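Worksheet: one structure, shown below.
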Amino acid sequence: MLQFSNNNSFNISMKDKLQKYYKTLAELKSLEGISNLLEWDQEAVMPQSSVEARADKVAIIGKLMHEKSVELDHVNLVNELSDNRDQLDPIDQRSVEVTKTELEKETKLPTEFVEEFSKNKSLSQQAWYEAKMKEDFSIFLPYLEKMFEYTKQYANYVDPTKPIYDVLLDGYEEGMTTENLKVIFSDLKNNLKEILPQIKTQPSNEVFQNKDFKKHITKELIEELTAKVGFDYSRGVLGEVHHPFETKISTNDTRINTRYSELELQTSITGAIHELGHGLYEQNIDPKYAHTSLDQGVSLGIHESQSRMLENMVGRGKAFCTYAKEVLQKYYPIYKDVSVDSLVNDLNIVKPSFIRIEADEVTYNMHIILRFETELDLLNGKLEVKDLPEYWNAKMKDLLGIVPTKVSEGCLQDVHWSMALIGYFPTYTLGNLNAGQLWNSFTTKNPNYEKEFSQGNFSSYFNYFKTNVWTHGTFHKPAELIKQVTGEELNSKYFVEYLRKKYIL
Ligand SMILES: [Zn+2]
């Protein structure tokens, strides 16, 4: 008996091993949900004075997650399952593959580093917020220096043989390299430089300005619009934050967020529709993946394609506006006298501006190219963090011909770097390119979409993307997915064509 019990591990079947793997995965997913909830709460609800106590809590959860994921038993189990992948079905195979890839990074990070990094991210976010409010870059400077230092250390731990930026990119967009991106972005930059001077949009009719908008009314309006497109409020929430984002707490708890202004309505609505795109993706992953590591969007570039396609190609289109005008005037009767054309015009003004999240869909990509080039220069030592404000302004002048006068409109506008999200910005523009290609595929196969959208019927859109993109979660790799849906490798052709058709032809 004793001998049998000592050799017990040899007798455990693959089924039992899988069960053990999924049990640990479930615990890790719960911890991740708790961490996401704490972060959502910090952005949406938490009183500011609680920031240090919250940083401690976030750090402890981060530590627990790290320790749990790198436990020797779990690591050995994942490796063993991976070595015997031929015996697994395709879903288990892919789940193990995704876990193994993540683990390979985690196991290389010392626990103290993870804890320290996590705590400093929370403090850094708070410093960023204060610096932005006070228009004082010096408040954020020491924290930002730390974030770039930690990021370099992180990349060195993960893979010291690869360029730092390649390691970072790979974390967001599997397989993407700096050299690849340089090619794609320089091609896009050339096209944008050619397109931009040819675009002649009308000035704003100010239909979204200064109308004394009430937060609670705008919130109801947005809930109606987003539910109509397909957001399931029995499994989701619309929250209020300073910088809009989407997060998933669990399979049946997806949170989209926007911000409100009494003076201006457009950014509340377009921000919410953008996050709705992320939310629909997360809410509509096949439930059969819920217990696996495939229960999330496959990459940031694909995720962003879903948000930016919904925001720009759908939400700023005439068909959607025809429907939205009816909803707008229900909540704000002043919209009775506003024409659909005025709405469309004001949603599609192309003009260089300071704030990325408020930029039009054409100049937006210049904002991303600016951040991409800045990150590279900060990481390769061509630029010191202390010189960032001046550097930023010079780049802005070069790419968009304008110079911000406040840091809140310049290098302090985005939360990303305060959270060490470096190498993340390029995925927004990759999202645009994916969106252009996917939108072409949808509109080709659904020629009646304009009529349907204008009547508030989004079922063709919902079903097309649920079937072809959302339901698959992380099952297909990004490049495979795009090829499978559109029949082509990712390219910029369709996005550039879309811009030309909409603004020039
Ligand atoms: Zn987004």
Exercise. Specify the inter-centroid distance of the stretch 97-166 and the stretch 6-77, based on alpha-carbon positions, in whole Å.
Key: 19
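State the antiparallel share, in %, of DSSP beta bridges confined to the chain, rounding to the nearest 5.
DSSP beta bridges in the chain are roughly 50 percent antiparallel.
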Quiz item: Once you put a point 7 Å from the Cα of N491 and another 7 Å from the Cα of Q19, both along the Cβ direction, what distance in nm separates them?
Solution: 5.1
Quiz item: Roughly what angle does helix 137-158 make with the longest principal axis of the chain, taking Cα atoms, 0 to 90 degrees, to the nearest 10?
Solution: 40
Exercise. Mind ranking 348-359, 420-431 by how tightly packed they are, going by the mean number of other C-beta atoms within 10 angstrom, highest first?
Key: 420-431, 348-359
Self-check item: GluC sites (Glu not before Pro) restricted to DSSP loop in the stretch 375-418 with at most 12 other C-beta within 10 Å
Solution: E384
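Based on the Kirkwood radius over alpha-carbon pairs, what value in µm²/s does the Stokes-Einstein equation return for the translational diffusion coefficient of the chain at 4 °C and 1.567 mPa s?
54
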Practice problem: Could you give log10 I(q)/I(0) at q = 0.12, 0.22, 0.23, 0.28 Å⁻¹ for the stretch 119-175, computed by the Debye formula over C-alpha point scatterers of equal weight, without solvent? | Solution: -0.37, -0.81, -0.84, -0.99
Quiz item: So how tilted is helix 318-331 from the main axis of the chain? Cα-based, degrees 0 to 90, rounded to 10.
Solution: 80
Quiz item: Whole-Å semi-axes of the stretch 274-388's equivalent ellipsoid, largest first, each the root of 5 times a Cα gyration tensor eigenvalue?
Solution: 32, 26, 10
Practice problem: State, in angstrom, two size descriptors of the stretch 40-158 derived from its alpha carbons: Rg to one decimal place and Dmax to the nearest whole number. | Solution: 18.4, 59
Practice problem: May I ask you to compute the full-extension gain from K288 to E130, defined as 0.36 nm times their residue separation minus their alpha-carbon distance, rounded to one decimal in nm? | Solution: 52.5 nm
Practice problem: Among L370, P110, L481, flag the residue with its Cα farthest along the positive direction of the charge dipole of the chain, charges on Cβ as +1 for Lys/Arg and -1 for Asp/Glu. | Solution: L481
Self-check item: Average projected area [Cα convex hull, the stretch 201-290], square nanometres
Solution: 6.8
Exercise. Using 0.36 nm per residue of separation minus the Cα-Cα distance, give me the extension gain between E390 and K189 in nm, one decimal.
Key: 70.1 nm
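Taking only DSSP H segments of four or more residues, each worth -39500 (n - 2.57), what value at 222 nm results for the chain once the sum is divided by all its residues, to the nearest 500 deg cm²/dmol?
Calculated from helices alone, the mean residue ellipticity at 222 nm is -20000 deg cm²/dmol.
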Quiz prompt | Listed residue pairs exceeding 26 Å between alpha carbons, taken from K152/K182; K63/K108; K200/K397; K200/K336 | solution = K200/K336
Quiz item: Where nothing but the Cβ of Lys and Arg (+1) and of Asp and Glu (-1) is charged, how large is the charge dipole of the chain around its Cα centre, in debye to the nearest 20?
Solution: 1060
Quiz item: By how many degrees, between 0 and 90 and to the nearest 10, does the Cα long axis of helix 426-445 differ from the longest principal axis of the chain?
Solution: 70
Quiz item: Normalised by the number of residues in the chain, what is the relative contact order in percent for Cα pairs under 8 Å and 6+ residues apart?
Solution: 19
Exercise. Apply the Debye scattering formula to the stretch 303-354, with a single equal point scatterer on each alpha-carbon and no solvent, then give log10 I(q)/I(0) at q = 0.18, 0.26, 0.30 Å⁻¹.
Key: -0.64, -0.98, -1.09
Quiz item: What does the charge count near T427 come to, summing +1 for each Lys or Arg and -1 for each Asp or Glu among other residues with Cβ under 13 Å from its Cβ?
Solution: -3
Self-check item: Cα-based Rg / Dmax (Å) for the stretch 345-407
Solution: 12.6, 43
Practice problem: Over the residues of the stretch 136-245, compute the C-alpha Rg and express it relative to 2.2 N^0.38 Å. | Solution: 1.67
Quiz prompt | Difference of contour (0.36 nm per residue) and Cα-Cα distance, D73 to K451 | solution = 130.4 nm
Quiz prompt | Over 18 Å between alpha carbons, listed pairs K68/K162; K57/K121; K211/K325; K228/K483 | solution = K68/K162; K228/K483
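Just so you know, all these numbers are worked out from the coordinates, no wet-lab data involved. As the structure is a computational prediction, the values presented were derived from the model and not from experiment. Virtual Cβ from ideal backbone geometry, glycine too; neighbours counted across all protein chains shown.
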